[in-house]
Amino acid sequence: MTHEFSLRTSGAGLYEFTQDVARWLSAVDGPRDGLLTLFVRHTSCSLIIQENADPEVQSDLRAFFDRLVPPSTHASMSYLRHTYEGPDDMPAHIKATLMPVSLSIPVAQGRMVLGTWQGIYLFEHRTAPHTRRVAAHLG
Amino acid sequence: MTHEFSLRTSGAGLYEFTQDVARWLSAVDGPRDGLLTLFVRHTSCSLIIQENADPEVQSDLRAFFDRLVPPSTHASMSYLRHTYEGPDDMPAHIKATLMPVSLSIPVAQGRMVLGTWQGIYLFEHRTAPHTRRVAAHLG
Amino acid sequence: MTHEFSLRTSGAGLYEFTQDVARWLSAVDGPRDGLLTLFVRHTSCSLIIQENADPEVQSDLRAFFDRLVPPSTHASMSYLRHTYEGPDDMPAHIKATLMPVSLSIPVAQGRMVLGTWQGIYLFEHRTAPHTRRVAAHLG
C-alpha cells in the first residue's frame, strides 16, 4: 500500500503529522502487521521522530540546529558557495543531510509501535512557505 | 515476524547487541531472505552501526557528541529552555535527532549482510539507568 | 530481490549512483510497487540523498562536515584516542554516525519516488581509494 502525504509549511520549524499517519493506517486495507516507511521527496527538509509532550523540546531543537548551521550570511559560513537560492538554502541542505530522509516504523495490529512520547515531524529548514510531499509505503 | 528487544543501560554510552539480533534471526521462523528493521521506541537514545573492533572508537564517538552537544548547564547551551528533566535530557533529545531512530538491514540466507567490522549499538544518551525497547520487524 | 552495488572511490567526497540503482530496478524481475532499501556495509562512509543539480551543493556539504569533524591531527580533536589508522579514520567513523547507513525509498511502477532534485550518493569519508559495497533489497 502506498500513499502520499502533502504538508504545508509556513517557515522553518517542526510540523507534527503523527495523527495523519495513524488515520491513514487505520483506514487503509493493508496488512495489520507490517512495516511503515515514510520518505520525504525533498532535499531541504527532514523527517524526525521526537518528543511531543513539551513544545520547548521543539524550539530547543530548532535553536540547536540554527546555531550548528547558521545562515550562509553568517561570518562563520563564508566558505559556502551555493548561496544564490538565499541564505537559508545551503544550510537547509546541510540540515537535511544531518537528519533522516526516511523513517521505518513497525506496525502491529494496525498501529505504529511508537513509544509513549514519540511523535512524527516534518522538520522544515526553509524560511519561505512550501508544500512538502511525504511518500508512505506499508508492506 | 516481529520481536521486541529489551536493553538495560547504566549511563550514557554504546551498548552492542549485534549477537542478540543474530540469535533471534537464526531462531525465528521467518523468511531466510528479507529485510530486518530495528526501531527504538524512545526519544533520548539512538540506534547506530559502528566499528566493533577497537573500543576506543566507541569512547571517541561519545567524546565527540558530548562536545558537540554538552549538558544544558554548560555556558554554550544557556539558550535551552527544556531543562527541568535534568541537564542531560535536552542534549539527549538533540543527539537522538542527529542519529538514527531506525535501521534497515538486508538479510540473506538467514544472516544480516553486515560488513566485517559492523556492530549494532544502542547509543544511550541519558545518565540514569534505563530499560530501552527496540522493536524488530523481519519481512 | 537482492543485489550488491560495488563503488570505487578515490578520496573523500560524494559519488552519485542514482542511475546505477534505477537501471537495476528497471532490469530486475521484482515487484513493480514496493520498497527499496540500500545499506552500506562499512563504518567510514555514508549513504545520503541530496540535490544533484548544482555541484557546489556537494562541495559545500564536504566543507561543512570537514569543519564539523576535522582530522584527528587538528588541535580541536586532540581528545581522540583511535588515531593509529590515520588522521582521517576516526573523523570518518564520526561522520558515518552523523549520516545514514541505510536508506529506504518507496518504488512505484518500477521507479523510485525520488523528488525532482534528489540524487543518491555514497559519501566517502576516507582519503585513500576504497571499494564500497552497498547491499540493495527490493521487497
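The values are calculated or read from the model by the stated rules, or taken from the named source; none is laboratory data. As the structure is a computational prediction, the values presented were derived from the model and not from experiment. For neighbour counting, all protein chains shown are included, and Cβ atoms are generated from backbone atoms with ideal geometry for every residue, glycine included. Surface accessibility is based on the protein's heavy atoms, side chains included, excluding ligands, DNA and RNA. Shrake-Rupley method; radii C 1.70, N 1.55, O 1.52, S 1.80 Å.
If you check A:V69 against the conditions, is it within 14 Å of chain C (Cβ to nearest Cβ) and without any contact (Cβ under 8 Å) to a residue 60 or more places away in the chain?
yes
Inside the stretch C:102-139, can you point out the residues that are facing chain A (nearest Cβ under 9 Å), open to solvent by 10 Å² or more (accessible area, probe 1.4 Å) and assigned to a loop (DSSP other than H, G, I, E, B)?
Matches in the stretch C:102-139: C:V113, C:L114, C:T116, C:W117, C:G139.
Would you call A:T2 under 24 Å from C:V107 (Cβ atoms), crowded, with 18+ Cβ neighbours inside 10 Å and hydroxyl-bearing (S, T, Y)? Before the answer, list the steps.
Numbers: under 24 Å from C:V107 (Cβ atoms): yes; crowded, with 18+ Cβ neighbours inside 10 Å: yes; hydroxyl-bearing (S, T, Y): yes.
So A:T2 fits the description; yes.
Between A:R67, A:R81, which is of a type outside the set (V, I, T) and over 25 Å from C:L47 (Cβ atoms)?
Values: A:R81 fails: over 25 Å from C:L47 (Cβ atoms).
That would be A:R67, the only listed residue that is of a type outside the set (V, I, T) and over 25 Å from C:L47 (Cβ atoms).
Give the stretch A:122-138 a look and list any residue that's within 18 Å of A:P71 (Cβ to Cβ) and of a type in the set (A, V, I, L, M), or say none.
Matches in the stretch A:122-138: A:A128 only.
Kindly check whether there is at least one residue in the stretch A:72-79 that is out of contact with any Gly (no Cβ under 7 Å at 6 or more places or on another chain), facing chain B (nearest Cβ under 9 Å) and without any contact (Cβ under 8 Å) to a residue 40 or more places away in the chain.
Checking the stretch A:72-79: not a single residue is out of contact with any Gly (no Cβ under 7 Å at 6 or more places or on another chain), facing chain B (nearest Cβ under 9 Å) and without any contact (Cβ under 8 Å) to a residue 40 or more places away in the chain.
Among C:V57, C:V40, which is within 16 Å of the chain's Cα centre (by Cα) and more than 14 Å from chain B (Cβ to nearest Cβ)?
Of the residues listed, the single one that is within 16 Å of the chain's Cα centre (by Cα) and more than 14 Å from chain B (Cβ to nearest Cβ) is C:V57.
Being within 11 Å of chain A (Cβ to nearest Cβ) and in contact with a Leu (Cβ under 9 Å, 6 or more places away or on another chain) is the requirement here; does B:L14 meet it?
Here the answer is no, as B:L14 does not meet what is asked.
Scan the stretch A:71-101 residue by residue and report those that are of a type in the set (A, V, I, L, M, F, W, C) and surrounded by fewer than 19 Cβ atoms within 10 Å (Cβ to Cβ).
Passing the criteria: only A:A75.
What number of residues within the stretch B:17-30 are in contact (Cβ under 8 Å) with a residue 24 or more places away in the chain and surrounded by 14 or more Cβ atoms within 10 Å (Cβ to Cβ)?
Of the residues in that region, 8 qualify.
Under the condition of being hydroxyl-bearing (S, T, Y) and in contact with a helix residue (DSSP H, G or I) (Cβ under 8 Å, 6 or more places away or on another chain), which residue from the stretch A:38-71 is nearest to C:L98 (Cα to Cα)?
The residue in question is A:S46.
Are any residues in the stretch B:34-60 part of a helix (DSSP H, G or I) and either free of Cβ contacts under 8 Å to residues at least 60 places away in the same chain or surrounded by fewer than 21 Cβ atoms within 10 Å (Cβ to Cβ) (or both), and if so, which ones?
Correct list: B:P55, B:E56, B:V57, B:S59, B:D60.
What are the residues in the stretch B:1-56 that are modelled with pLDDT under 95 and within 19 Å of B:H130 (Cβ to Cβ), if any?
Scanning the stretch B:1-56 gives no hits.
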